[in-house]
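Enquirer: Pasting a structure below so you can have a look.
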Amino acid sequence: PFDVLIVGGGPAGAAAAVYAARKGIRTGVLAERFGGQVLDTMSIENYISVLETDGPKFAAALEAHTRHYGVDIMNLQKAESLSRDEATGLVTVKTASGAALKGRTVILSTGARWRSMGVPGEQEYRNKGVTYCPHCDGPLFRGKRVAVIGGGNSGVEAAIDLAGVVEHVTLFEFMPTLRADAVLQRKLESLPNVDILKNVQVTEVQGNGAQVTGIVYRDRATEQVHELALGGVFVQIGLVPNTDFLKGTVNLSRTGEIEVDARGQTSLPGVFAAGDCTTVPYKQIIIAAGEGAKAALAAFDHLIRTSA
Ligand code: FAD
């Protein structure tokens, strides 16, 4: 068996692998797509000490760093189930290809994916004005008019955040009322450069081939269709953790995030988790990497306490 078997090869999994391998223990990474969400990222400007890089470059650096320590990378492999043998403490991860991999400890770092609106133009203009991350991309829209889609806490927080950076924000909510906490709604309503549209459905993202130019939406009360010229669209309708295959094994939150303690320990002994798939707030590369390092150190602690 592996001493540490890591499921997921994004920033969290790569950091966990480097930290584990540097302890001189047998480390493997199983990943559907090594690199993770970073592969879909254009520009990264908030990884401390790296002024600017792009996603593919960052992902290649993650892989080079991981390989440098002789970590066994099993790429293009999807985990489908996890189980723990009570008697031996060994954890088995089964893959879609039929393999069964064993770990004395396991670190889950399967990440998450942004929920998309599913309207015409959204995929086409992804990274060309359509974005899912205000912390990442807010500063790229300085001086522009943008939309935020979604009136839950993350949408309203994003609108408040962006209002301080961009020229103007229009928030779109499908329901007749916002779902965000009252204190956030009050803050949003107090801002001079924010409009709030409720009971509206976005039906299309418009663009000129290179960049987003606007949005089409339908007023659900009057059935009238409107167009609004915009330079950017921030979609904030949910982040879905990749944890379906874990249902019934480790404890998950209401939204499917893996519940972890301060050391990344899950509800199953010897099974740790890190990054966007967990309850740890603020889904960012630097946070995922830090959590991955923590989970590896916690797994190592577990090994030296449980092995003969
Ligand atoms: P992920 O990067 O999601 O990696 C998950 C890994 O698990 C992948 O290898 C995946 O293939 C694998 N996996 C999933 N399910 C399974 C399974 N069942 N079996 C095996 N493997 C599995 N953050 C920033 O800090 N700065 C930015 O500028 C920035 N820009 C972003 C731009 C975009 C377009 C996106 C989508 C995100 C951006 N983020 C940014 C967020 C950042 O990418 C994530 O917070 C970070 O990648 C999370 O790392 P992670 O390792 O937890 O998960």
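Enquirer: From (1) surrounded by 15 or more Cβ atoms within 10 Å (Cβ to Cβ); (2) within 16 Å of the ligand (Cβ to nearest atom), pick out the condition that doesn't hold for Gly121.
Expert: Tallying (1) surrounded by 15 or more Cβ atoms within 10 Å (Cβ to Cβ); (2) within 16 Å of the ligand (Cβ to nearest atom), Gly121 fails exactly one: (2).
Enquirer: Being assigned to a loop (DSSP other than H, G, I, E, B), within 12 Å of the ligand (Cβ to nearest atom) and in contact (Cβ under 8 Å) with a residue 60 or more places away in the chain is the filter here; which residues of region 258-294 pass it?
Expert: Correct list: Gly264, Ala274, Tyr282, Lys283, Gln284.
Enquirer: Every residue in region 91-115 that is more than 10 Å from the ligand (Cβ to nearest atom) and open to solvent by less than 50 Å² (accessible area, probe 1.4 Å), please.
Expert: Within region 91-115, Val91, Thr92, Ala99, Leu101, Gly103, Thr105, Val106, Ile107 qualify.
Enquirer: Can you name the strands (runs of 3 or more DSSP E) wholly within region 1-75 that have at least 2 residues being near the ligand (Cβ under 8 Å from one of its atoms) and surrounded by 16 or more Cβ atoms within 10 Å (Cβ to Cβ)?
Expert: The qualifying strands (runs of 3 or more DSSP E) are 27-31.
Enquirer: Moving to a separate point now. Is there any pair with a first residue in region 184-201 that is at positive phi and of a type in the set (S, T, N, Q) and a second that is open to solvent by 60 Å² or more (accessible area, probe 1.4 Å) and not in a strand (DSSP E or B) whose Cβ atoms are under 9 Å apart and which are 6 or more apart or on different chains, and what are they?
Expert: So the pair list comes out as Asn199/Phe174; Asn199/Met175; Asn199/Pro176; Asn199/Thr177; Asn199/Arg220; Asn199/Ala221.
Enquirer: Could I ask something else about it? Name the residues in region 209-236 that are buried (at least 19 other Cβ atoms within 10 Å of the Cβ), among the hydrophobic types (A, V, I, L, M, F, W, C) and part of a loop (DSSP other than H, G, I, E, B), would you? Spell out the reasoning first.
Expert: Of region 209-236, the ones buried (at least 19 other Cβ atoms within 10 Å of the Cβ) are 212, 214-215, 217, 230-236.
From the residues that got through so far, the ones that are among the hydrophobic types (A, V, I, L, M, F, W, C) too are 212, 215, 230, 233-235.
Listed by number, the list holds a single entry, Leu230.
Enquirer: Specify the residue that is farthest from the ligand (Cβ to nearest atom); the eligible residues are those in region 76-90 that are open to solvent by 40 Å² or more (accessible area, probe 1.4 Å) and assigned to a loop (DSSP other than H, G, I, E, B).
Expert: Ranking the qualifying residues of region 76-90, first place goes to Ala87.
The values are calculated or read from the model by the stated rules, or taken from the named source; none is laboratory data. Bear in mind the structure is a predicted one, so any value in this text is a computation, not a measurement. Here the Cβ is made from the backbone with ideal geometry for all residues, glycine too, and neighbour counts use every protein chain on show. Protein only, heavy atoms only, side chains kept; ligands, DNA and RNA dropped before computing areas. Shrake-Rupley method; radii C 1.70, N 1.55, O 1.52, S 1.80 Å.
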